[in-house]
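What follows is a short report on a single structure.
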Amino acid sequence: MADRVTVIGWDGSPLTAAARGALGAATLVAGAAHHLALPEVPADAERIRLGSVTLAARRIAAHRGTAVVLADGDPGFFGVVRALRAPEFGLEVEVVPGVSSVAAAFARAGMPWDDAHVVVAHPRTLRRAVNVCRAHTKVAVLTSPDAGPAELGLLMEGIHRTFVICEELGTPREQVSVVTSDKAADHTWRDPNVVIVVGGRPGAGEPGGWIAGRDPSSGPRGWSLPAGEYGGELGEGEREPLRTSQLARLGPRLGDLVWDIGCGSGAFATDAARAGAAVIAVDSDLDACARTDSAARRHGVQLQIVHGTAPHALENLPEPDVVRVGGGGAAVVSAVADRRPQRIVAHAATRDAAELIGRNLTEHGYQVECALLQSLELDSRAWTEKERSVAFLLSGVLPARGN
């Protein structure tokens, strides 16, 4: 095992005395080509081109001597430190951090970033990174080949954002460009790069806060909000007990894309967006779309609102993770199930309608649960009945993707 492993973060500035000292004593140096070309790397040290971190870690673990790993930015922030500290390698590491590429990107843009979300985009996580950009007004995306600014822009169709694209930070080829999201695909971008995605309506919270990212205390408490928060009387399928049960079964979260079909007043769509998810709200009624937009503005969340009739309006929408079908019955549920979201919820007013939806979900391979929800609101001053609501709640979960 290596006697000592030092991980040095390099941001393009001159190396610190600690970094130079570690490199001077190294008998093995791992890094990218531009790291291994640094004049401080000893001529007689074994050199490893850092492609696969796992393979490099195995060679470092088998090395007898002093090892140094060079990485761009802060190696403890989405960097190699996590991989090197994996239990199977048994490595104890010392870290000399550099300025992270995210911090450098926001510095170049002259923007604060304590209110930003930071995501990593690989081909397998690109869609979830895009969903965070849809749902929030300031996001830094650490990109990778085939999951860069062009791919982000293509998947942001229908959502206007500004991209600040920082290429090859800390090198002589560094370049910062500002483009709109719809133009990002028109250019070839150099790796590595960081994309700052900004835009959308500002949040409802006060500027500055006590926690990085979105302040969870900036809005009212509760998974769902009462009718008064949405302008008064809600439709039968939007009342709070049913809405809360739907939210609990879908569990919308950061990185998800939620479809709300038949959004009505926008109550469910807004509640889902308050949970951090990206939401597309669909309704055939222009007044419903306007009410939904008003609810989103009132609560400072980002929604994409589509005016159209399901199932035709769903054909060109990006793939959802979870879906609420608030209107359209079994035909819309069938069209949604064809897209294979992880979870679907719907409701029905009669048992026959509930059975039809349930059979439809089962035929599409979903595990189905149905509950009869009866809600009775009382006037607590006289303990008399104010409002009664009865609905069948159906939920479908794909067995292989139920988490």
Identify all residues within the stretch 1-27 that are of a type outside the set (A, V, I, L, M, F, W, C), within 24 Å of residue 88 (Cβ to Cβ) and either surrounded by fewer than 16 Cβ atoms within 10 Å (Cβ to Cβ) or under 38 Å from the mean Cα position of the chain (by Cα) (or both); write none if there are none. 3, 4, 6, 9
Counting only residues that are open to solvent by 80 Å² or more (accessible area, probe 1.4 Å) and more than 20 Å from residue 173 (Cβ to Cβ), how many does the stretch 31-48 have? 3
Does residue 99 satisfy being crowded, with 17+ Cβ neighbours inside 10 Å, under 26 Å from the mean Cα position of the chain (by Cα), of a type in the set (A, V, I, L, M) and not in a helix (DSSP H, G or I)? yes
Looking at (1) closer than 20 Å to residue 132 by Cα; (2) surrounded by 24 or more Cβ atoms within 10 Å (Cβ to Cβ); (3) small (Gly, Ala, Ser), find the lone condition where residue 255 falls short. (2)
Here's a check for you: in the stretch 64-83, which residue that is under 20 Å from residue 33 (Cβ atoms) and in a helix (DSSP H, G or I) is modelled with the lowest pLDDT? 83
Of residues in the stretch 152-173 being modelled with pLDDT under 95 and farther than 28 Å from residue 320 by Cβ, the one surrounded by the fewest Cβ atoms within 10 Å (Cβ to Cβ): 172
Please verify whether residue 361 is in contact (Cβ under 8 Å) with a residue 24 or more places away in the chain, open to solvent by 20 Å² or more (accessible area, probe 1.4 Å) and over 25 Å from the mean Cα position of the chain (by Cα), treating the condition exactly as stated. no
Test: residue in the stretch 287-303 that is of a type in the set (Gly, Ala, Ser), open to solvent by less than 30 Å² (accessible area, probe 1.4 Å) and over 23 Å from residue 129 (Cβ atoms): yes
What is the one condition in (1) surrounded by fewer than 13 Cβ atoms within 10 Å (Cβ to Cβ); (2) part of a strand (DSSP E or B); (3) out of contact with any Lys or Arg (no Cβ under 8 Å at 6 or more places or on another chain); (4) at pLDDT below 95 that residue 376 does not satisfy? (3)
Looking at residue 126 and the list (1) surrounded by fewer than 16 Cβ atoms within 10 Å (Cβ to Cβ); (2) under 30 Å from residue 259 (Cα atoms), which single condition is not satisfied? (1)
I'm trying to understand the selection: among the residues of the stretch 383-403, which are modelled with pLDDT under 85, in a loop (DSSP other than H, G, I, E, B) and either farther than 20 Å from residue 252 by Cβ or open to solvent by 70 Å² or more (accessible area, probe 1.4 Å) (or both)? 403
Checking residue 57 against (1) in contact (Cβ under 8 Å) with a residue 40 or more places away in the chain; (2) closer than 19 Å to residue 90 by Cα; (3) open to solvent by less than 10 Å² (accessible area, probe 1.4 Å), which single condition isn't satisfied? (1)
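If I ask for residues that are part of a loop (DSSP other than H, G, I, E, B) and touching a helix residue (DSSP H, G or I) at 6+ places or on another chain (Cβ under 9 Å), which ones from the stretch 15-51 would you list?
Scanning the stretch 15-51 gives 15, 38, 40, 41, 42, 45, 50.
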Please specify each residue of the stretch 227-242 satisfying the condition of being at pLDDT 85 or above and open to solvent by 60 Å² or more (accessible area, probe 1.4 Å). 229, 240, 241
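The values are calculated or read from the model by the stated rules, or taken from the named source; none is laboratory data. The shown structure was predicted, so the numbers you read here are calculated from the model rather than taken from an experiment. So basically every Cβ, Gly included, is an ideal-geometry build from the backbone, and we count neighbours across all protein chains shown. Each accessible area value is taken on the protein alone, full model and side chains, heavy atoms only, with ligands, DNA and RNA left out. Shrake-Rupley method; radii C 1.70, N 1.55, O 1.52, S 1.80 Å.
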